[in-house]
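Here's the structure, in structure tokens; my notes come after.
Taken together, the values in this text are just the output of simple stated rules run on the coordinates, not laboratory data. Because the structure is predicted, anything quoted here is derived from the model rather than measured. All Cβ positions, even for glycine, are placed from backbone atoms using ideal geometry, and neighbour counts span all protein chains on display.
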Amino acid sequence: MSALLAIQRRALIKSRFSAARWASTDSKDKYKIVVVGAGSGGLTVANQIYNRFKAAGTPLNQGDIAIVDAAEYHYYQPGWTLVGSGLKNKTETRRHLSSLVPAHLAHISESVQTFSPESSSITTSSGRTISYESLVVATGLKINWENIAGLPKALADPTSGVSSIYSYDTCDKVWHDIDALRSGKAVFTQPAGIIKCAGAPQKIMWMAWDRYQKTARGDQVQVDFYTATPSMFSVKKYSDELEKLRVARGVGGYFQHNLVSIDSSSHKATFKRSDGSTVDVDYTLLHVTPPMGPLDVIKKSPLADEAGWISVDKATLRHTKPEYSNIWAIGDCSNLPTSKTTAAITGQAPVLTENLYSVITTGKVANASYDGYTSCPLLTGYGQLMLAEFKYGLEPKESLANYFGDQATPRRVFYHLKKDLFPWAYWNHMLKGNWFGSHGFFRPKFPASQ
């Protein structure tokens, strides 16, 4: 009995200690810096900010930076294409968020309900008001599954032939459907408007096409691409090469066709064309890229522009309204005129970090300027990848062409970056603030302020 009491006493002491630590890190109501969102942008920039102050010899105290996110899991979303291609298990693409938040960050496991920039505060789902000196918004965007009639029902039906790499719950269904198809028509779609990684809808298409070639099904399966866009890709250099590839491989190209509804019972998809007319298309397999848009909490906030995205200076990532000069945004939630990708975060985070650090320590932004860098590692088959890198103005900005040749040419070395290096760098370095994309492990240097 005495041994049992001793165990209970130790457990009680341990629970009190844990509760005290919990209270000390995420129960206060005022923080120097609050980061809303713990996705790739939020975790990366929170740790880069902490590391920047530490490198300057003026380290922040533990808990000075709070990261606000109610999610149980953090996902490596670029990995879902690999899952849909049969190259990874989907469990490799998620980890418990709590395991990724270091002790120096206070983790507030709630969602934000309202932004009150006039009082430099946010209100959480529990009604708690949290004040900040500086705010970084990294909430991501919203996937509007319900905007395509019949899509949610089709995704939930294992016999519908409809799948999508754009969620953890459905990405493994993509591989199941692709691998199970023996003959028929495989249709891949891309919607109108802004989406995450605009190359992903065709990455999975090329992988399916190659799978059918390698398993002697190429003559039995017709692969078609239905896209609401006018061309294969937004950057002409890469689009021209992808169009040549499409023609050479016999993949149907139906441009300015936007998917509006699905009848999974009859395997029919309805597309709206640019002239307003509609066309019904029979499919055996249908891979859907859903429409996307800003989160409601952002859209209705004072931080948003007319389209619902957070309005930031495209060079500094600081809010465009002078009265909101202590507010910054990164990634998919912002109105930065560049492709929304994980690679873009690697270009944005160091710039935001340097400018925020400079404003806090000197009162003015640094000479750190974001040029719109982003990248789309375009899988074109197993063992091959076209590494699209570009900046504002849809101008190519290739970092490896001098070493491996023109990046519009699919290469095996680029394939292994996507399949092997990038996931490793993401989990082990990027989220910790120590990976800078095309700069590798070296934080970019910026011109000294005058």
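Given H placed 1.01 Å from N in the peptide plane, which residues other than close sequence neighbours of Ala66 have an amide H under 5 Å from its amide H?
It is Ile33, Val34, Val35, Ala106, by chain and number.
In whole Å, what are the extents of the chain along the principal axes defined by its C-alpha atoms, from largest to smallest?
Each principal axis gives a Cα extent; for the chain these are 71, 68, 43 Å.
Okay, which of the stretch 423-450 sit inside 14 Å, backbone N to the point 7 Å along the Cα-Cβ direction of Asn367?
Within reach of a label on Asn367: 445-450.
On average over all directions, what projected area in square nanometres does the stretch 144-293 have, based on the convex hull of its Cα atoms?
Averaged projected hull area, Cα only: 8.4 nm².
What residues qualify as long-range amide H neighbours of Leu286, i.e. H under 5 Å apart, gap of 5 or more or another chain, H built at 1.01 Å from N?
Amide H neighbours of Leu286: Val162, Ser163, Val187.
Give me the dipole magnitude in Debye, nearest 20, for the stretch 144-293 about the Cα centre, with unit charges on the beta carbon: positive for Lys and Arg, negative for Asp and Glu. Please list the in-between numbers first.
On the way: 17 positive and 16 negative charges, 75 e Å.
My answer is approximately 360 debye.
Could you list which residues have their amide H under 5 Å from that of Val223, counting only those 5 or more apart in sequence or on another chain, with H placed in the peptide plane?
For Val223, whose amide H was placed from the backbone, the distant partners under 5 Å are Ala186, Gly252.
What do you get for Rg/Rh of the stretch 308-442 when both radii come from the Cα atoms and Rh is the Kirkwood radius?
1.01
Which of Phe115, Phe441 comes first, and how do the rest follow, when ranked by fewest Cβ neighbours within 10 Å?
Phe441, Phe115
From the backbone phi of the stretch 29-46, what are the Karplus-calculated ³J(HN,Hα) couplings (6.51 cos²θ - 1.76 cosθ + 1.60, θ = phi - 60°) in whole Hz, Gly and Pro given as x?
Result, rounded to whole Hz: 10, 9, 9, 5, 9, 10, 10, 9, x, 10, x, 5, x, x, 5, 4, 6, 4.
To make sure I understand, if each residue's beta carbon is the centre and we count other beta carbons within 10 Å, what order do Leu394, Leu352 fall in, fewest to most?
By the 10 Å Cβ count, ascending, the order reads Leu394, Leu352.
Please report the net charge: other residues with Cβ closer than 15 Å to the Cβ of Ile310, K and R +1, D and E -1.
Net charge around Ile310: +1.
What is the distance, in nm, between label points placed 7 Å from the Cα along the Cα-to-Cβ direction at Tyr403 and at Arg94?
Here the answer is 3.4 nm between the modelled labels.
Can you work out the Karplus-derived ³J(HN,Hα) for every residue in the stretch 338-343? Use 6.51 cos²θ - 1.76 cosθ + 1.60 with θ = phi - 60°, whole Hz, and x for glycine or proline.
Rounded to whole hertz, the list is 8, 5, 8, 9, 5, 4.
How high is the relative contact order of the stretch 144-293, given as a whole-number percent (alpha carbon pairs under 8 Å, six or more residues apart)?
Relative CO of the stretch 144-293 lands at 36 percent.
³J(HN,Hα) across the stretch 410-420 via Karplus (A = 6.51, B = -1.76, C = 1.60, θ = phi - 60°), whole Hz, x for Gly/Pro?
x, 9, 5, 4, 5, 4, 6, 4, 5, 6, 10
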